[in-house]
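Notes follow once the structure below has been shown.
Taken together, the values in this text are just the output of simple stated rules run on the coordinates, not laboratory data. In this text the structure is predicted, and so the values were computed from the model without any measurement. Cβ: placed from backbone, ideal geometry, glycine included. Neighbour counts: every protein chain shown.
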Amino acid sequence: MRDLPESISSIVEDDPKRLQTIDGIGKSVAEKCVTLVRTGELPQLTEVLEQVPESVLALLRIPGLGPKKAAVLFRELQIQSLEQLQAACEAGQVEQLKGFGAKTQESILAGIAIASAAGERILWAEADAVVGELREHMATCSAIE
C-alpha cells in the first residue's frame with residue numbers, strides 16, 4: 001500500500017471496488033479500508049485499544065516486535081512502556097517467556113534504543129486528516145505554487 005501512486009482514501013472516494021485489484025488486498029481488508037476512510041475509525045482497532053493501554057502501543061516501535069509478542073509482554077509481565085520492557089530485559093525476565101529467548105531479549109534491548117529515538121507515531125487516519133487540512137490550507141496560500 002505504501003508504494004501506491006495514490007492514497008487509499010482517494011481510491012475509496014473514486015471507486016472502493018478498485019481496492020480489491022491491488023495485490024494483497026482482498027475483500028476483508030478492502031472493507032476495513034473503506035470503513036477506516038469513511039468513518040476515521042476501525043471497530044476492531046477500537047476494541048483492541050479498549051483492552052490494551054495505549055502506552056503498550058509504544059512497544060510496537062521496536063523493530064521485530066509485533067503485536068503478538070507485545071501482547072504477551074503486556075499479559076505476562078504487565079509491561080506498558082519501553083522503560084518497563086528495558087528493566088524486564090535487564091532482569092532476564094523476557095527470555096523466560098515462551099516464544100522468547102536470549103537472542104530475542106538481546107534484540108529487544110537493541111531495538112529499544114531505536115524505538116526511543118523514533119519518537120511518537122500517530123494512526124494513519126489521524127495523519128491523513130492532518131495532511132488533508134494542510135493541503136487545503138496550502139492551496140489557499142499565494143506564495144505556494
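Some values worked out for this structure:
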| read-out | value |
| --- | --- |
| Among Val130, Val94, Val37, residue whose mean-square fluctuation peaks in a GNM of the chain (springs only between Cα atoms under 10 Å) | Val130 |
| Stokes-Einstein D (µm²/s) once Rh is taken as the Kirkwood radius of the chain over alpha-carbon pairs, at 25 °C in 0.890 mPa s | 137 |
| Extension gain, Gln20 back to Ile114 (0.36 nm per residue minus Cα-Cα distance, nm) | 30.4 nm |
| Percentage relative contact order, the chain, counting C-alpha pairs under 8 Å, at least six apart | 18 |
| GluC sites (Glu not before Pro) within region 70-137: DSSP coil, no more than 15 neighbouring Cβ in 10 Å | Glu120 |
| Using θ = phi - 60° and Karplus 6.51 cos²θ - 1.76 cosθ + 1.60, couplings along region 66-76 (whole Hz; Gly, Pro as x) | x, x, 5, 5, 4, 5, 5, 4, 5, 5, 7 |
